[in-house]
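Written below as structure tokens is the structure these notes are about.
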Amino acid sequence: LHSDQDRGDGSLKYILSGDGAGDLFIINENTGDIQATKRLDREEKPVYILRAQAINRKTGRPVEPESEFIIKIHDINDNEPIFTKEVYTATVPEMSDVGTFVVQVTATDADDPTYGNSAKVVYSILQGQPYFSVESETGIIKTALLNMDRENREQYQVVIQAKDMGGQMGGLSGTTTVNITLTDVNDNPPRFPQSTYQFKTPESSPPGTPIGRIKASDADVGENAEIEYSITEGEGLDMFDVITDQETQEGIITVKKLLDFEKKKVYTLKVEASNPHVEPRFLYLGPFKDSATVRIMVEDVDEPPVFSKLAYTLQIREDAQINTTIGSVTAQDPDAARNPVKYSVDRHTDMDRIFNIDSGNGSIFTSKLLDRETLLWHNITVIATEINNPKQSSRVPLYIKVLDVNDNPPEFAEFYETFVCEKAKADQLIQTLRAVDKDDPYSGHQFSFSLAPEAASGSNFTIQDNKDNTAGIFTRKNGYNRHEMSLYLLPVVISDNDYPVQSSTGTVTVRVCACDRQGNMQSCHAEALVHPTGLSTGALIAILLCIVTLLVTVVLFAALRRQRKKEPLIISKEDIRDNIVSYNDEGGGEEDTQAFDIGTLRNPEAIEDSKLRRDIVPEALFLPRRTPAARDNTDVRDFINQRLKENDTDPTAPPYDSLATYAYEGAGSVADSLSSLESVTTDGDQDYDYLSDWGPRFKKLADMYGGVDSDKDS
């Protein structure tokens with residue numbers, strides 16, 4: 001910079017301000033020369049704006065106005081092109097046509113595009129030929145080779161260069177890598193590795209059982225490698241099936257129907273493998289399917305017997321006798337050996353053992369009587385078992401229907417109890433009867449109703465059969481009197497029309513009732529008739545009261561007698577008195593062998609010591625004492641005396657033979673004492689002759705004890 005006021009005497013001073021002043025740019029204050037202190041980069045800042053001024057060195061006043069000037073940085077080619085990505089990834093379908101777009105790469109240059117060719121970039125391919133090419137100006141990569149096959153090579157690495165200066169010598173350059181993958185297309189059909197497959201399966205294999213696996217190979221991947229298997233032809237087209245395993249792409253041969261070694265031993269199938277997803281542009285390569293032959297051999301196994309039917313249905317009349325044959329079932333061994341078969345009934349299905357079967361020929365017969373009304377259908381299971389191999393058995397359901405026989409008489413559908421009005425007219429309907437029958441005839445029920453013969457002639461009612469399994473009861477006369485007859489019992493005979501004819505007699509109860517004018521029942525109880533010369537109301541009430549009083553008296557008397565019977569013979573020890581027990585039944589003496597066995601007295605060993613009295617309830621139970629048995633043929637008197645002594649000395653022993661023990665006898669008795677207590681304390685025998693003076697009631701007793709002396713003497 002230079003001012004016109006500068007005479008070169010050093011009186012002026014130059015100063016600089018603005019962008020980069022004093023840092024990037026400095027000025028010589030004496031000469032005004034501006035210099036750069038370091039290298040400048042246009043890419044960092046292309047333009048600097050500075051301001052300069054000349055001032056008087058002494059006064060510091062400007063000698064000229066401030067001047068502004070712009071410094072532009074001139075560009076040079078100092079930046080190479082840079083790609084937006086270090087590595088590009090792209091895909092392209094295999095077998096694509098030449099020129100198919102793959103991917104576009106882009107590189108940028110920081111130099112000034114408006115100045116020269118420093119920023120003009122040109123693309124070229126350094127690696128990847130002859131498979132791919134790149135457009136020099138756009139950076140678009142395309143296929144350069146026809147029919148690139150993924151199955152031969154799948155991955156490609158392409159290196160692209162971007163160079164500035166329009167690609168001329170001396171230009172700067174940059175590179176990037178592009179990884180290109182060929183994607184699969186369905187250009188390969190499935191192929192079986194072998195033309196024939198062979199499998200074996202037992203004839204007992206159930207439907208759905210897998211037999212074997214076959215697999216066709218396909219060079220493609222993904223859905224292009226999916227394979228569908230099918231049976232196109234062969235002898236076992238309807239016996240076998242093939243399904244595809246979606247995970248392994250294998251074909252699984254399975255059993256479709258039950259096999260029979262005795263009918264067919266070998267099956268030949270033709271299995272086809274095909275691609276479900278086919279691209280039409282590759283059909284020229286040929287059909288996308290392949291076929292193979294599958295040979296299946298059926299192995300023989302020991303099979304259970306087979307019945308001639310899947311189920312049997314038999315019928316039998318309910319009046320069939322036991323051992324009546326109903327029908328038969330048939331089963332045989334399907335194997336070539338034809339082993340013999342025996343039959344049996346599964347008793348879990350015939351718990352009552354109503355039926356049985358002949359184990360040899362399979363004949364079904366009854367073992368109990370049947371009743372259709374109890375059970376109409378009998379569902380049982382028959383088992384057929386090989387005799388040589390009991391493990392081989394099969395079952396078949398057998399349905400037995402019991403046919404109806406007219407063995408049940410018809411009965412009233414309900415209990416009939418009706419009424420007739422006292423003022424009823426003749427031939428008036430008072431009740432409709434209906435009947436039911438447990439039987440079920442083929443032509444339906446046909447019931448007939450009639451009065452029982454013993455009641456038909458003198459009955460006050462008639463029965464009219466309606467011929468529709470109902471009947472009506474009609475009055476036979478005009479007017480009924482409930483005071484004369486308040487209740488009628490009509491025996492009605494009901495018969496069916498089947499063979500043999502069954503009938504029953506039911507009773508209809510008819511009450512005579514008072515009714516209003518419309519025939520509605522008011523009262524069915526017979527009121528007492530009041531005659532003109534009869535008793536008054538007060539007299540009737542008095543009679544009723546007397547009857548009630550008499551009934552109460554009878555009840556009280558009966559209660560008192562019952563209470564007396566319950567009183568014990570001795571109420572307490574302090575109540576010391578004689579008690580005479582009266583028995584209405586007179587004993588028969590020694591000749592009466594039914595009342596008491598006198599042999600027991602002569603054979604004391606036959607007495608059960610543990611037997612207690614039955615005429616009173618014991619307050620406590622004591623173990624009976626064992627007493628020495630009297631010798632054989634001991635006199636009855638000595639035996640009784642011995643027992644009396646034992647009971648006197650043992651207070652815990654219960655009294656036997658209904659002998660009441662008294663501690664004291666009262667003195668008020670007119671007759672002498674009958675107690676045997678004194679007999680044990682006296683040495684001499686007691687005289688019983690006084691018994692004959694007591695009258696005819698004690699005659700037997702006097703005869704028994706009056707002849708004791710004569711018995712001793714004899």
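Each Lys and Arg adds +1 at its Cβ and each Asp and Glu adds -1 at its Cβ; summed about the Cα centre, region 82-183 shows a dipole of about 80 debye. Here the label points at Leu540 and Lys72, each 7 Å from Cα along the C-beta direction, are separated by 15.3 nm in the simple model. Rounded to the nearest 20 debye, the dipole size of region 411-523 about its Cα centre is 680 debye, using +1 on the Cβ of Lys and Arg and -1 on the Cβ of Asp and Glu. Taking the Cα centre of each part, how many Å lie between region 94-166 and region 227-284? Region 94-166 and region 227-284 have Cα centres separated by 50 Å. The residues neighbouring Tyr416, those whose beta-carbon lies less than 13 Å from its own, together hold a net charge of -1 under the Lys/Arg +1, Asp/Glu -1 convention. Apolar share of the accessible surface for region 196-297: 51 percent from carbon plus sulfur atoms, 1.4 Å probe. A straight chain from Arg697 to Asp19 at 0.36 nm per residue would run longer than the Cα-Cα distance by 226.9 nm. Amide H contacts of Glu299 (H built 1.01 Å from N, in plane; Pro and chain starts excluded): Thr201, Glu203 sit under 5 Å, all sequence-distant by 5 or more or on other chains. Bridges between two residues of region 82-183, per DSSP, are antiparallel at a rate of about 75%.
Taking 24 Å as the straight-line reach from the Cα of Lys58, the lysines in range (excluding those fewer than 8 positions away in the same chain) are Lys13. Each residue of region 425-434 was assigned a 3J(HN,Hα) from its phi angle through the Karplus curve 6.51 cos²θ - 1.76 cosθ + 1.60 (θ = phi - 60°); the sequence is 8, 5, 6, 9, 6, 10, 6, 9, 9, 10 Hz, with glycine and proline shown as x. Surface exposure of region 232-384, expressed per residue as accessible area with a 1.4 Å probe, stands at 55 Å².
Surface composition of region 82-183: carbon and sulfur atoms hold 49% of the protein heavy-atom accessible area at a 1.4 Å probe.
Mind checking which lysines have their C-alpha under 26 Å from Lys477, skipping anything on the same chain fewer than 8 residues away? Partners within reach: Lys423, Lys425, Lys467. Modelled spin-label separation between Asn641 and Thr381, with each label point placed 7 Å from Cα along the Cα-to-Cβ direction: 8.6 nm.
Here region 174-215 and region 1-69 have alpha carbon centers that stand 86 Å from each other.
The values are calculated or read from the model by the stated rules, or taken from the named source; none is laboratory data. For clarity, every value in this text was computed on a predicted model and none was experimentally measured. Cβ sites come from the backbone with ideal geometry, for glycine too, and all protein chains shown count toward neighbours. Accessible surface is based on the protein model in full, side chains and every heavy atom, while ligands, DNA and RNA are left aside. Shrake-Rupley method; radii C 1.70, N 1.55, O 1.52, S 1.80 Å.
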